[in-house]
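Peer 1: Can you keep this structure in mind? I'll have questions shortly.
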Amino acid sequence: MFRAFQFGLIVLMLAVLAMISAVVTMHFAIHGAEVSVPDFKDLSVAEATSKAASLGLEVDVENHFYSVNIPLGRVVSQSPAAGAVVRREWHVRLTESLGPQRVAIPNLTGSDQRLAAIEIRRVGLELGQQAEMPDAYATPGAVIAQNPAPNASGVERPSVSLLVAAEPATAATGGFVMPELTGQLFSSAALTITRAGLTLAPMKEQQVSVQPLQSTDTIAAPLPPIPIGSVIAQKPAAGHRIDASTPIELTVAQ
């Protein structure tokens, strides 16, 4: 009986030791595969790629922004942030600087949507969001607004979004996708809304700092100063379905 008890105790101790060994092994296996994300800011993309590879990480350049402070080809921001602990083979998203803005924003208002898209790409810019809205004074398919405005300076990224006059058949349905109006001057945005036969709610005003705003998105570059009189928020947000009875509320920088 005593020998059976001893044997059982030995088996139990061996089982406990095996469990402890498994836990310790798993701990080192998990944490041994983790690394701390380094700071890639101000490095060239090639340097960031090499540094990431030495730690078993991957990098993806997802955005490009103009910057007067960070030279062309250098990293503006990253996600995850420096110091974050991730597993090896994790993909770190980078934003690359295009240096100072060198491309003039063309005037596309009144142009056919297809020709406007061709012109955007011809000058080395990217085609941003496109939305449609009725306009009693414009030819269907013509550009009635753009963002950034023609010849704008201090542009954040190399893309131009277009607002296009809707076809009559589209207008008859009574439903539209709310366009992006932030960044436009209030006078231009208000004219677009009223000419579309939509409802403009009373304007709201908000004091803004003259200093550049910092984006909450870790992959985005710092935004340039906000011009007084420009739209800084809208309700409904861009992309929402609206109709003629939907009040559109604009918040303007003061």
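Peer 1: Quick test for you: out of ILE226, ILE219, ILE232, pick the one residue that is among the aliphatic types (A, V, I, L, M), modelled with pLDDT under 80, within 30 Å of ILE118 (Cα to Cα) and in contact with a Ser or Thr (Cβ under 6 Å, 6 or more places away or on another chain).
Peer 2: Details: ILE226 fails: in contact with a Ser or Thr (Cβ under 6 Å, 6 or more places away or on another chain); ILE232 fails: modelled with pLDDT under 80.
Criteria check complete, one pass: ILE219.
Peer 1: Of everything in the range 188-204 that's modelled with pLDDT of 90 or more and not hydrophobic (A, V, I, L, M, F, W, C), which residue is nearest to GLN101 (Cα to Cα)?
Peer 2: Of everything passing the filter in the range 188-204, LYS204 is nearest to GLN101 (Cα to Cα).
Peer 1: Take VAL86 and tell me if it is closer than 30 Å to SER36 by Cβ and touching a Ser or Thr at 6+ places or on another chain (Cβ under 9 Å).
Peer 2: Numbers: closer than 30 Å to SER36 by Cβ: yes; touching a Ser or Thr at 6+ places or on another chain (Cβ under 9 Å): yes.
Yes: the conditions hold for VAL86.
Peer 1: Let me confirm something: among VAL86, VAL68, VAL75, which residue is under 26 Å from GLU156 (Cα atoms), in a strand (DSSP E or B) and not assigned by TED's automatic domain parsing to the domain that holds VAL155?
Peer 2: Values: VAL86 fails: under 26 Å from GLU156 (Cα atoms); VAL68 fails: in a strand (DSSP E or B).
From the options VAL86, VAL68, VAL75, the qualifying one is VAL75.
Peer 1: With the requirement that a residue be free of Cβ contacts under 8 Å to residues at least 60 places away in the same chain and surrounded by fewer than 15 Cβ atoms within 10 Å (Cβ to Cβ), what does the range 128-140 give you?
Peer 2: TYR137, THR139
Okay, residues lined up against (1) assigned by TED's automatic domain parsing to the domain that holds ARG241; (2) hydroxyl-bearing (Ser, Thr, Tyr); (3) assigned to a strand (DSSP E or B):
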| position | (1), (2), (3) |
| --- | --- |
| PRO106 | no, no, no |
| GLN129 | yes, no, yes |
| GLU132 | yes, no, yes |
| ALA136 | yes, no, no |
| THR139 | yes, yes, no |
| GLN146 | yes, no, yes |
| VAL155 | yes, no, no |
| LEU162 | yes, no, yes |
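Peer 1: Then there is this: Among the polar types (S, T, N, Q), out of contact with any helix residue (DSSP H, G or I) (no Cβ under 7 Å at 6 or more places or on another chain) and modelled with pLDDT under 90: does that describe SER77? Spell out how you get there, then give the answer.
Peer 2: Numbers: among the polar types (S, T, N, Q): yes; out of contact with any helix residue (DSSP H, G or I) (no Cβ under 7 Å at 6 or more places or on another chain): yes; modelled with pLDDT under 90: no.
Criteria not met by SER77.
Peer 1: Quick one: in the range 82-115, which of the residues that are of a type in the set (Gly, Ala, Ser) and surrounded by 14 or more Cβ atoms within 10 Å (Cβ to Cβ) is farthest from the chain's Cα centre (by Cα)? Break it down into steps so the answer makes sense when it comes.
Peer 2: Let us first name the residues in the range 82-115 that are of a type in the set (Gly, Ala, Ser), namely 82-84, 97, 99, 104, 110-111.
Going one step further and asking which of them are surrounded by 14 or more Cβ atoms within 10 Å (Cβ to Cβ), we end up with 84, 97, 99, 111.
Numbers: ALA84: 21, SER97: 15, GLY99: 19, SER111: 27 Å.
Of everything passing the filter in the range 82-115, SER111 is farthest from the chain's Cα centre (by Cα).
The values are calculated or read from the model by the stated rules, or taken from the named source; none is laboratory data. Because the structure is a prediction, the values reported are computed rather than measured. Here the Cβ is made from the backbone with ideal geometry for all residues, glycine too, and neighbour counts use every protein chain on show.
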